[in-house]
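K.L.:
Got a structure for you, written out below as structure tokens; questions coming shortly.
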Amino acid sequence: MADLRCQMCGKPNPPELEECQFCGARIKPVLASTPADSRPIEAGEEPISKDASEFEKVKPAEEGSISSAENESPAEPSSDESLPLPSAATPGSDSSKGVPDELSGLGEAASEDGEAPDWLAGLRSDKPVEPEPVSSVEEEATAELGDEDWIARLGDEMKAVTPEPPAGGRSAVEALPESASEGGLPDRLQSLQPSESGVQELPAASPAISAERETGGPVPAENLPDWLNQLEETAAEPEPIPPVGGAESVPDWLSNLRPESGTLAALFGGEPQAESSSSGETPDQLSPLQADVNAAEAVEKHKDDFGVVSEPAAQTQETGPLPEWLAGIDRTAPPSGGTPALIDIDDEGNPPGEKGETAFSLEAPDWLFKLDPEQGAEKGTEKEEDQLVPGDLESAELPSWVQAMRPLESVVAEAMTAPQEDARVTEQSGPLAGLRGVLPSGPGLGPLRKPPAYSVKLRVSDGQQRYAAYLDRLVTGETKPRAVGTKRLTSNRLWRWLIALLLILAVGVPLFRGVQVAPETSSLSSDKGAAFTLISGLPADTPVLIVFDYDPALSGELEATAAPFIGKLLRKGTPLAFISTSPTGPALAERFMQTTPLVSSHQYRRGEQYVNLGYLAGGPAGMLYFAGDPTAAMPTTVDGKPAWETGPLQGIQGLSNFAAFILLTDNADTGRNWIEQVGPRLGNTPMIMIISTQAEPLVRPYFDSGQLKGLVSGLADAKIYEQSDNRPGLAHLYWSSFSVGTLVAVLLIVIGAIWSAVTGWRARRRNPGEEA
Amino acid sequence: MKIKGVFSTAIAIAVGLLVLVGYLFGYKADGSLSLLGKLQSSLLYIAVALAGFAVLVGIGNLLLVHMNKIRHKQKGAAYSFILIVALVTTLLLGLLAPYQPKAASIFNDSFNVVQLPVEASLMALLAITLTYASIRLLRRHLNLLSVIFLITALLILLGTAPWPFLGDVPFLSNIIRPFVAQIPATAGARGILLGVALGTLTTGLRILFGADRPYRGK
């Protein structure tokens with residue numbers, strides 16, 4: 001034989017070499033076909049006996065893997081009875097002995113594929129296979145294989161999913177129709193023969209050819225295994241092919257497709273019809289996709305015809321009935337826990353949405369879902385035409401079921417973030433050694449990693465324990481109730497009663513016994529006699545306006561302070577008018593006129609000598625309103641009578657018509673309001689203020705500034721005016737009590753303060769943290 | 001700003017300005033009220049009437065609150081009952097007082113016998129309480145400020161009242177007490193009052209300028 005020229009470098013190579021001695025490219029798989037093989041086999045031509053394993057050896061790695069994955073994906077729980085595993089499951093055994101011819105080479109081919117692609121490794125690991133009972137033979141074979149010889153296991157699994165032979169020991173292929181074994185074999189069986197050549201004609205990079213393709217070709221009877229020969233005897237007649245009409249413009253194989261298309265249309269609601277029409281437009285070449293699907297359908301059809309496979313599973317209602325070996329597969333089931341799945345699985349064990357379903361649909365390729373027992377016969381004819389044009393397949397046009405068998409990560413990774421170029425890791429060991437970016441290095445594996453175990457025991461240092469003890473002591477001390485000292489409370493209460501008793505005695509004894517212990521005062525009054533002088537000079541017939549704006553609580557001081565001045569006015573017969581901005585003011589005015597010494601003795605009558613205008617509402621606004629128009633602000637008296645038409649106020653139109661304006665108050669703010677609101681409207685009318693001692697510091701500046709013409713403050717000033725008028729009144733009566741009571745209070749405070757300071761100091765000295 | 005807000009703001013500013021101008025130009029040269037003075041008086045009359053009505057509203061609210069306490073038998077319902085009885089009784093006596101002299105006498109006696117002694121007694125209790133607090137002051141707070149506070153109180157007391165058998169203490173009554181009352185105390189109080197006056201002035205100006213609108217009822 002002449003030298004073979006390398007397709008890569010173009011240099012001649014000896015024919016016995018399988019690889020180019022110059023560039024290392026493989027030569028023989030591409031050029032290993034004989035001229036007879038390259039010739040298309042015509043219909044009805046006697047097929048040439050050929051072992052399918054030879055072709056499987058030269059298949060590209062992807063195709064071999066695909067075949068393995070197809071047989072691996074069903075993952076039907078098998079038993080020794082249901083799926084008899086041949087004892088020669090090792091890679092070195094003859095696979096044709098126990099399995100049909102078309103699958104015999106898979107094991108060897110798989111075993112020779114030293115470089116398994118990355119996605120194939122993913123397929124193997126992601127296979128959602130339920131733990132199935134493994135026979136002893138298989139266990140031995142697995143033990144012999146070892147973990148690294150995974151491709152050999154693919155062949156075993158492929159055998160495991162081989163259609164179950166009938167009860168009589170016949171395999172599925174043995175149950176073929178009788179016509180298949182004769183010279184008048186059905187076309188679909190005769191077309192099996194050229195499939196071998198068709199496989200050889202495929203380009204090396206074409207992945208479209210699979211083991212299913214060989215199953216569609218005719219096999220000579222002598223080359224058929226025993227089970228296939230028995231199939232010929234017991235097989236029923238081939239199903240009639242539906243008539244094809246209007247086939248002048250289309251090739252034969254396409255005309256055979258039409259009835260099938262109609263059937264597909266009935267099955268898939270018109271979509272297949274469209275596909276069929278589109279394929280009909282293709283000039284005499286069948287789409288590689290469609291060819292593969294048809295070939296697979298033919299195989300499955302045979303299985304169903306001969307009862308090898310049980311009834312289609314109920315879950316195939318959408319994509320067609322599934323064979324029995326696919327019935328037990330739950331497409332939504334997650335992968336087994338033992339496999340390093342590269343897809344996210346939620347908590348319920350379901351794959352994430354539709355992507356997950358798509359990923360697990362790999363277990364049963366789409367062409368398997370399209371299988372229909374009624375279409376098997378028609379698809380057998382299509383297979384013949386499909387074998388004639390394998391060269392039209394392009395390497396980029398993978399069949400859909402091949403595309404569906406891509407690694408799971410490539411299917412699911414659409415939703416994931418594409419790993420960056422620099423993030424890809426080159427595998428250093430294992431079957432994926434040398435491949436780069438095969439396995440996700442970061443994000444995909446993160447959640448799957450087992451979380452590190454941390455000890456639940458708290459590690460606390462001695463210092464931390466000491467601080468914790470301090471904190472606990474502090475918190476406990478805060479929440480701990482303190483014992484209340486009953487004895488101490490009794491002591492405090494006793495002291496209070498004792499202080500009250502002493503003060504009552506100090507005030508009461510001089511008051512009720514009439515003992516004068518305080519001498520007459522020699523001091524001057526606050527205004528140095530200005531108020532007394534002013535009142536003495538007031539006209540007797542002009543009314544004086546007196547404002548009672550003090551609280552009843554301070555009536556004792558204010559009545560005693562005001563009595564000498566009001567008494568002086570009463571002695572002169574001056575008419576009076578009372579008003580108040582306090583609700584209790586009118587009552588206090590009545591009380592003052594009726595009960596106060598130096599006043600009550602004059603027997604002033606309400607409505608005749610004095611007028612009680614009552615309560616003036618509104619505070620400062622009421623004061624201003626009253627100052628602007630007193631007749632409108634207070635038109636009536638507390639008796640309901642007109643205040644300004646008759647009586648002492650007759651002829652008064654404004655505040656300036658009063659002889660004097662006298663304010664009695666205990667509040668500096670009230671006095672200030674009267675000064676601010678009424679003072680500008682008084683004109684020449686003097687304003688005199690009789691106040692409590694507590695208000696003097698704040699009111700005195702108004703006197704010093706001249707806004708007030710007179711200021712009488714407290715009991716001391718009243719005492720001074722009583723002394724000067726030589727008429728003892730309440731000030732004289734209270735003077736001794738005031739003196740003794742104040743002195744006792746001062747003594748109590750001094751003695752008690754010293755005692756408290758000492759005891760408190762001793763208590764703090766005993767216990768620095770305790771509050772006395 | 002809504003129309004309602006604009007309307008109320010305009011009214012408030014106008015009233016404020018009228019009353020303020022009434023202080024300055026409310027009187028003619030002869031002492032009679034000018035037009036601005038009359039406007040001011042009219043506005044103030046409305047204010048006084050509203051203030052008097054506010055007192056009535058407060059009394060009514062007090063009555064309702066205590067009636068609810070009695071109705072729901074809450075704690076202190078007995079005191080609420082006493083309050084309502086006293087309020088109604090006093091109100092009736094006050095209404096009858098102008099027409100019934102007997103009712104007027106009872107009305108005045110109820111004040112002189114009940115309210116005034118009660119309030120005076122509370123003031124007396126305040127004297128005892130303050131004395132006791134002054135005694136306990138240095139036990140709880142023994143520091144310089146407490147000592148100063150206590151000494152100041154003692155000086156004012158001793159300078160206000162005459163000493164038994166001694167009368168006024170010459171230096172204390174004539175110099176120390178007036179000095180403490182008029183200089184430090186008044187200075188501090190005046191400072192507070194000046195601050196209050198400035199705050200009041202600012203508040204009034206803000207209301208006049210419409211920056212503050214407390215009359216919106218919110």
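K.L.:
Scan segment A:549-561 and tell me whether some residue there is more than 28 Å from residue A:749 (Cα to Cα) and either part of a helix (DSSP H, G or I) or not assigned by TED's automatic domain parsing to the domain that holds residue A:616 (or both).
P.N.:
Among the residues of segment A:549-561, at least one is more than 28 Å from residue A:749 (Cα to Cα) and either part of a helix (DSSP H, G or I) or not assigned by TED's automatic domain parsing to the domain that holds residue A:616 (or both), which makes the answer yes.
K.L.:
Let me ask something else about it. Collect the residues in segment B:1-33 that are in contact with a strand residue (DSSP E or B) (Cβ under 8 Å, 6 or more places away or on another chain) and of a type in the set (Gly, Ala, Ser), keeping them in residue-number order.
P.N.:
B:26
K.L.:
If I filter segment A:735-744 for residues that are surrounded by 20 or more Cβ atoms within 10 Å (Cβ to Cβ), among the aliphatic types (A, V, I, L, M) and either over 24 Å from residue B:196 (Cβ atoms) or more than 8 Å from chain B (Cβ to nearest Cβ) (or both), do I get at least one hit?
P.N.:
Among the residues of segment A:735-744, at least one is surrounded by 20 or more Cβ atoms within 10 Å (Cβ to Cβ), among the aliphatic types (A, V, I, L, M) and either over 24 Å from residue B:196 (Cβ atoms) or more than 8 Å from chain B (Cβ to nearest Cβ) (or both), which makes the answer yes.
K.L.:
Just checking, which of A:696, A:770 is buried (at least 22 other Cβ atoms within 10 Å of the Cβ) and modelled with pLDDT under 90?
P.N.:
A:696
K.L.:
Quick check, is residue A:739 of a type in the set (Ser, Thr, Tyr), more than 19 Å from residue A:545 (Cβ to Cβ) and free of Cβ contacts under 8 Å to residues at least 12 places away in the same chain?
P.N.:
no
K.L.:
Counting residues that are within 30 Å of residue A:521 (Cβ to Cβ) and facing chain A (nearest Cβ under 9 Å), which helices (runs of 4 or more DSSP H) fully inside segment B:69-180 reach at least 3?
P.N.:
Where helices (runs of 4 or more DSSP H) fall fully within segment B:69-180 and carry at least 3 residues being within 30 Å of residue A:521 (Cβ to Cβ) and facing chain A (nearest Cβ under 9 Å), they are B:116-140, B:144-160.
K.L.:
Using the structure shown, decide if residue A:579 is over 22 Å from residue A:725 (Cβ atoms), modelled with pLDDT of 90 or more and either away from chain B (no Cβ under 12 Å) or touching a His at 6+ places or on another chain (Cβ under 8 Å) (or both).
P.N.:
In short, yes.
K.L.:
Can you tell me which residue within segment A:505-542, out of those that are part of a helix (DSSP H, G or I) and exposed (fewer than 14 other Cβ atoms within 10 Å of the Cβ), is farthest from the other protein chains (Cβ to nearest Cβ)?
P.N.:
A:536
K.L.:
List the number of the failed condition for residue B:52; all other conditions in (1) within 14 Å of chain A (Cβ to nearest Cβ); (2) without any contact (Cβ under 8 Å) to a residue 12 or more places away in the chain; (3) farther than 30 Å from residue A:681 by Cβ hold.
P.N.:
The number of the failed condition is (3).
K.L.:
Within segment A:711-729, identify whether any single residue is more than 15 Å from residue A:559 (Cα to Cα) and at the interface with chain B (Cβ under 9 Å from one of its Cβ atoms), and answer yes or no.
P.N.:
no
K.L.:
To continue, here is another question. Looking only at residues in segment A:545-561 that are small (Gly, Ala, Ser) and within 11 Å of another protein chain (Cβ to nearest Cβ), which one is surrounded by the most Cβ atoms within 10 Å (Cβ to Cβ)?
P.N.:
Restricting to residues being small (Gly, Ala, Ser) and within 11 Å of another protein chain (Cβ to nearest Cβ), the top hit is A:555.
K.L.:
Kindly indicate the residue of segment A:562-576 that is within 24 Å of residue A:643 (Cβ to Cβ) and among the hydrophobic types (A, V, I, L, M, F, W, C) and also nearest to the other protein chains (Cβ to nearest Cβ) among those meeting that condition.
P.N.:
Among those residues, the one meeting the criterion is A:562.
K.L.:
What number goes with the only condition from (1) in a loop (DSSP other than H, G, I, E, B); (2) touching a helix residue (DSSP H, G or I) at 6+ places or on another chain (Cβ under 7 Å); (3) modelled with pLDDT of 90 or more; (4) not hydrophobic (A, V, I, L, M, F, W, C) that residue A:671 does not pass?
P.N.:
(1)
K.L.:
Within segment A:582-617, track down each residue that is surrounded by fewer than 23 Cβ atoms within 10 Å (Cβ to Cβ), part of a loop (DSSP other than H, G, I, E, B), within 13 Å of another protein chain (Cβ to nearest Cβ) and not charged (D, E, K, R).
P.N.:
A:582, A:583, A:584, A:596, A:607, A:617
K.L.:
For segment A:676-704, give me each residue that is within 20 Å of residue B:190 (Cβ to Cβ) and within 8 Å of another protein chain (Cβ to nearest Cβ).
P.N.:
Those that are within 20 Å of residue B:190 (Cβ to Cβ) and within 8 Å of another protein chain (Cβ to nearest Cβ): A:693, A:696, A:697, A:698, A:700, A:701.
The values are calculated or read from the model by the stated rules, or taken from the named source; none is laboratory data. Remember, predicted model here, so these are calculated numbers, not experimental data. Reconstructed Cβ throughout: ideal geometry from the backbone, glycine too, with neighbour counts over all protein chains shown.
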